[in-house]
Structures are given as C-alpha cells and as structure tokens.
Amino acid sequence: MMLKKLFILVLVIIAVLLLFGFMKKIKQKQPTPISTPPSATIGFGDYDFSLQYDGSVRKYLVHIPKSYDKNKTTPLILAFHGGMGTAEIMAENYDLIPKSDKEGFIVAFPNGASKFPSGKFATWNAGNCCGYAIKSDSDDVGFVKAIIEDIKKKVNIGKIFATGMSNGGMLSYRLACEMSDTFAAIAAVSGTDNYNGCNPKQPISIMHIHGLKDDHVLFYGGCGPACVVGPETEFVSVPDTISRWVNRNNCNVNPQRVVVNENTYYDLYSKCDGDVQVKLYVVEDGGHSWPGAKKAPNPLEKSASSQAISATDEIWNFFKNSLSK
C-alpha cells in the first residue's frame, strides 16, 4: 500500500515538473511586441487637456493630423510659446498645425507658468529667464515630462522633438541639457542657451534661427533696447550658444556655410558624436520674431516677421532628418 502511494506521488511530481517546463518554454517563445498602442486613444482633431502638476492646474493643446494611425508610431513636436504668450498664440500663428497635417506629425502646445487663472502672460523657467516662471521657480522640465507621459496614454508616439520662440526656445535648450535621452532634436528661434550646468546624457541635434536685427535677445549677446526682463539679464550670444553645442556634441568646428538667399545663410556643423548635427540659420533682415509668420502675435515681437525663410518649414526638415537615424 505504501509503495502504491509512493508511486502515485512520484508520478504527480513528474507531471508537475513537465508542465512547468512546458509553460516556461511557451513563455520564452512569446514574441515581444514592437509597438503597443495606448489603451485610450484619440483621433484626428484639436484637443485641450489639463493636468494637475506641482500644485497647479497646467494645460496644453494637441493637434492630431488626419493621417494618424493608432497602430503606428507618429512623431511628436512640443512647441513652446514665447514669454508673455500662451499656447493658443503658438498654435494659431506659426503654421505648425497645417504643417502637421501635411507631414503627419503630432504637435502639442504647452502653456507656460502664469499667475493668472486664464494662463495668459505665461513664461518658462529656462534657467535664468523669464518672468513669473523663474520668480516662482516653476518646475517646467517636470511639467514637460508629465505632458509626455499624459500624451503617451492617448496616442502612439515615436520620436519626440522640441521647438520654441524666444523664452520657449530657451526652454528647448534646457530640455536638450536635461532630457537629451528623450528628445531627438530641438530647434530654438530667437532664444539662446542661457542654462548653466548643462550636462547632456548623450548627443542631440540642435538648430538655431536668429535675426541679426533682434532688439530683444541680441545676436551678439545681452538684453537689447526692447528687452523687458531687465538689463541684469545678459542673454548668451548666438555664437556662444552654437559654440557650446558644437563642443558638447564633439562636432567638427569648421562649418559648411550655405547661402539660402540674399537675406539668409546657414552654418552646418557635422561629423558630431552620435551622427547628430548643429545648424545655425542667420536671417539678416530678421528681428525678434519667427521668420515666415504672418504677423507678430506676441507683444514682445514688435517687428514684423521676416519672410526670407519659413522657420516652420526649416525646423521640420531638420527634425525629419533625425527620423531615419
């Protein structure tokens, strides 16, 4: 009787071991999905989202292009308005939404920190500028991280890019410093790199567009006659900004210069680590504005926008170059 019970026990143990090995083998053979669409998805259109962050309700706008397919990853551009602006100003005046529909990328427009419930007159904490954001020590890098995580729950995003006007461009540089492992490239317009202690984790592609006649963020450094943040804010010059990123990315220090038209040229720095690039557009008739914009929508953009180039077109072309890498 004891032998019979022992025999049955041995059979049970063998069966359990065989079953465990079989299940383990099945588990090992299961393929890893390349891209998992988010559980809650949104489709083509314009959206206004709010989220609670750092004790405040912060908002951002999103445009989803007509070509969006939830089963495929789609590039995401975060576009940051200038100081004293709003997400709506950035969304309505720089042709990023028509470009999104034409090229098939998602674009989000975060709203900066503001002491007003309406969110108007908002600024970004870019390190040494600007306004309410820096006075209140707004954690805008953390806010950007929260936005990205929130968007990931709604749409299937691929590579991420950042661009911005003036103070928004300065924030883009700070993101390049602190989130180079998140962003594939950034592009700043009329806003230089004023962030101290920059130590990017990896190389990142940088584009800068600046007008020689900028009377706010002076091309050769300092706060110009139209500057509203005060003479104590010595903005870093455009040449120094480019030099910083050429060194950080370990690029060839001798650029290729290309004349685009009678008012514009660009310097392209290549042979950088990680196959990234640094590109500077100089708009000789440009002021403190977004080249190609239909009008100057921000009170700080007192001069009409140069029409020598379309900043929106050039920025997307630069970002698109990173998609295949």
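The values are calculated or read from the model by the stated rules, or taken from the named source; none is laboratory data. Note that the structure is predicted; figures quoted are calculated from it, not measured. Don't worry about glycine lacking a Cβ; one is built from the backbone with ideal geometry, like all the others, and counts go over all protein chains shown.
For the stretch 54-65, the candidate set comprises residues that are of a type outside the set (Lys, Arg) and modelled with pLDDT of 95 or more; within that set, the residue that is surrounded by the fewest Cβ atoms within 10 Å (Cβ to Cβ) is 65. Residue 145 satisfies every condition listed in (1) crowded, with 17+ Cβ neighbours inside 10 Å; (2) of a type outside the set (Gly, Ala, Ser); (3) over 26 Å from residue 288 (Cα atoms) except (1). When residue 236 is tested against (1) of a type in the set (A, V, I, L, M, F, W, C); (2) part of a helix (DSSP H, G or I); (3) under 16 Å from residue 126 (Cα atoms), exactly one condition is not met: (2). Scanning the stretch 164-199 for residues that are under 22 Å from residue 227 (Cβ atoms), among the polar types (S, T, N, Q) and surrounded by 18 or more Cβ atoms within 10 Å (Cβ to Cβ) turns up 166, 167, 172, 190, 192, 194. If you go through the stretch 170-191 and keep only what is touching a His at 6+ places or on another chain (Cβ under 8 Å) and either under 21 Å from residue 131 (Cα atoms) or among the hydroxyl-bearing types (Ser, Thr, Tyr) (or both), you end up with 188, 189, 190.
Scanning the stretch 251-290 for residues being assigned to a strand (DSSP E or B), of a type outside the set (A, V, I, L, M, F, W, C), in contact (Cβ under 8 Å) with a residue 12 or more places away in the chain and farther than 16 Å from residue 189 by Cα gives a total of 3.
The residues of the stretch 105-146 that are of a type in the set (D, E, K, R) and closer than 22 Å to residue 92 by Cβ, listed by number, are 120, 140. Mind listing whichever residues of the stretch 89-121 are in contact (Cβ under 8 Å) with a residue 40 or more places away in the chain, farther than 16 Å from residue 164 by Cα and either in a helix (DSSP H, G or I) or touching a Cys at 6+ places or on another chain (Cβ under 8 Å) (or both)? Scanning the stretch 89-121 gives a single hit, 103. For the stretch 129-163, filtering for residues that are over 24 Å from residue 181 (Cβ atoms), touching a residue at least 24 places away in the same chain (Cβ under 8 Å) and either under 13 Å from the mean Cα position of the chain (by Cα) or not in a helix (DSSP H, G or I) (or both) leaves 2. Residues in the stretch 171-208 that are under 22 Å from residue 223 (Cα atoms) and among the charged types (D, E, K, R): 174, 193. Residue count for the stretch 212-255 under the criterion of being under 24 Å from the mean Cα position of the chain (by Cα) and acidic (Asp, Glu): the result is 2.
Please go through the stretch 220-250 and give me each residue that is at positive phi and either surrounded by 16 or more Cβ atoms within 10 Å (Cβ to Cβ) or free of Cβ contacts under 8 Å to residues at least 40 places away in the same chain (or both), ordered by number. Those that are at positive phi and either surrounded by 16 or more Cβ atoms within 10 Å (Cβ to Cβ) or free of Cβ contacts under 8 Å to residues at least 40 places away in the same chain (or both): 221, 222, 230.
Just one of the listed residues (310, 303, 289, 324) is more than 30 Å from residue 199 (Cβ to Cβ) and modelled with pLDDT under 90, namely 303. Being acidic (Asp, Glu), touching a residue at least 12 places away in the same chain (Cβ under 8 Å) and touching a Ser or Thr at 6+ places or on another chain (Cβ under 6 Å): is that true of residue 215 here? No.
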